[in-house]
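Written out below as structure tokens is the structure these notes cover.
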Amino acid sequence: MSIRKVAINTGGGDAPGLNAVIRAIVLSSIRQGWEVVGIRRGYHGLTEPDGVVPLDREAVRGITHRGGTILGAVNKGHPFAHPVKQPDGSIELVDNSDKVLERFEELGIDVLFAIGGDGSLSIANKLSVRGLRVIGVPKTIDNDVLGTVVTFGFDTAVSIATEALERLHTTAEAHERVMVCEVMGRNCGWIALNSGVAATADVILMPEIPFDFDVVCEKVRQRDEMGRGFTIIVVSEGAYEKGGQPFFKRRSDGATRLGGIGEYVADEIGKRTGKDTRSVCLGHLLRGGGPSTFDRLLSLRFGAAAVRMAARGQFGAMVGLVPPGMEAVPLDVVVAGTRNVPLDCDTIRTARILDICLGDQITRTGARS
Ligand code: F6P
């Protein structure tokens, strides 16, 4: 079947590199002779006035280095759970997928490039099962998508977290404090682990390794005993104590989001060791701003490879970085699970050999940092 018109949408939370992917898809598609449109705000734009916008060379000029997304992002509601206001003012989620598929047909869209994380890729997979020709592109700072060794946005987030940890280092040392830094990552510890090792944190806490406060406090004490009166701890938002549960915060709209573990860890260490402790949560700083060089290049490569896949007719798949190149990974394989940090991976082994405490075993503190 020949392709005449393609659409792009960016689902879920934003990540640095989205605009670079859009640019590469648009320019590669134009080369193929295809018309390109962008759907604003995930799938919402399909049913909104001016929600489907033409994307030509001019529209994507000078956006590779820009953060956010020119198409807008929403992580509330999707075709299978569309929010509809009820007469009493409450919101009910309804399956709107038939209408969404009809709209794609009305608009003459032959292929959808769905740029998103696991939630958006699951929706893309469902739409693909219903007959839409879909190609996914793996976006998220959390790096938790199966079928690719890395997602775009992750490198930028790790770089920001690493710089923040380094900055905390000097103030922690000056005041001889324990500084706890909470980073995003949902139920995966990639950001905490990579930034923690790169910035030589003393303790890294992540969801894959439930932690023990006795172990963490022992690390703080050992450092004090050897005259290193400060400790840097990076904790992933989804980390939790052995036998405990991850921490959630309720937002004003009633939805819950991971968060609060950093403050809890700092308080508890303060109580148990008598040390002065502080916590900081990096939150959306990790998602904001432009992409790193690595993410710009990766995003452009993902976008160009996604169009090559479409030209070859490889639908119902996500473009994955599977070294040495890009591969079409079936969407049902991608959405079958989450890519957690493997406990025997090289970075974990490196952390342990560097005596970084991962919260589960007492480490020998040498003359480090
Ligand atoms: O999935 C990316 C992510 O940044 C997570 O790390 C975080 O838990 C979540 O999004 C927060 O999303 P938001 O504040 O946009 O709802």
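The values are calculated or read from the model by the stated rules, or taken from the named source; none is laboratory data. The shown structure was predicted, so the numbers you read here are calculated from the model rather than taken from an experiment. For accessibility, only protein heavy atoms count, side chains too; no ligands or nucleic acids. Shrake-Rupley method; radii C 1.70, N 1.55, O 1.52, S 1.80 Å.
Some points to look at:
- Equivalent ellipsoid dimensions for the chain as semi-axes, Å, which come from the Cα gyration tensor, largest first: 42, 22, 17
- With every protein chain in place, the stretch 197-250: carbon and sulfur % of accessible area (1.4 Å): 46 percent
- Rounded to 10°, Cα long-axis angle of helix 118-129 versus longest principal axis of the chain: 30 degrees
- Accessible area per residue for the chain is 43 Å², calculated with a 1.4 Å probe on protein heavy atoms, without ligands, DNA or RNA.
- Per-residue ³J(HN,Hα) for the stretch 9-24, Karplus 6.51 cos²θ - 1.76 cosθ + 1.60, θ = phi - 60°, Hz, x for Gly and Pro: 9, 10, x, x, x, 7, 8, x, x, 4, 5, 5, 4, 4, 4, 5
- The orientation-averaged shadow of the Cα convex hull for the stretch 58-183, equal to a quarter of the hull surface, comes to 12.9 nm².
- Kirkwood Rh, Cα atoms: Rg over Rh of the stretch 312-369: 1.24
- Estimated translational D of the stretch 238-358 in µm²/s (Stokes, Kirkwood radius over Cα pairs; 10 °C; 1.306 mPa s): 84 µm²/s
- Within the listed set Asp253, Asp224, Asp118, the residue fluctuating most in the Gaussian network model of the chain (springs between alpha-carbon atoms under 10 angstrom) is Asp253.
- In Hz, Karplus ³J(HN,Hα) per residue of the stretch 43-60 (6.51, -1.76, 1.60; θ = phi - 60°; x = Gly, Pro): 9, 4, x, 4, 10, 10, x, 6, x, 10, 10, x, 10, 10, 3, 4, 5, 10
- Heavy-atom accessible surface of the stretch 1-128: percent carbon and sulfur, 1.4 Å: 47 percent
- Once the Cα gyration tensor of the stretch 10-85 is diagonalised, semi-axes √(5λ) in Å: 23, 15, 9
- Per-residue 3J(HN,Hα) values for the stretch 297-305, derived from phi via the Karplus relation 6.51 cos²θ - 1.76 cosθ + 1.60 with θ = phi - 60°, read 5, 4, 5, 4, 5, 4, x, 5, 5 Hz in sequence order (x marks Gly and Pro).
- Sorted largest first, the spans of the alpha carbon positions of the stretch 189-286 along the three principal axes are 48, 29, 23 Å.
- Between helix 154-175 and the chain there is an angle of about 20 degrees, using the helix long axis and the longest principal axis of the Cα atoms.
- If the Kirkwood radius is taken over C-alpha pairs of the stretch 1-132, then at 25 °C and 0.890 mPa s the Stokes-Einstein diffusion coefficient equals 161 µm²/s.
- Ellipsoid semi-axes in whole angstrom, largest first, where each is sqrt(5λ) of the Cα gyration tensor of the stretch 276-326: 35, 12, 11
- Difference of contour (0.36 nm per residue) and Cα-Cα distance, Arg4 to Thr256: 86.6 nm
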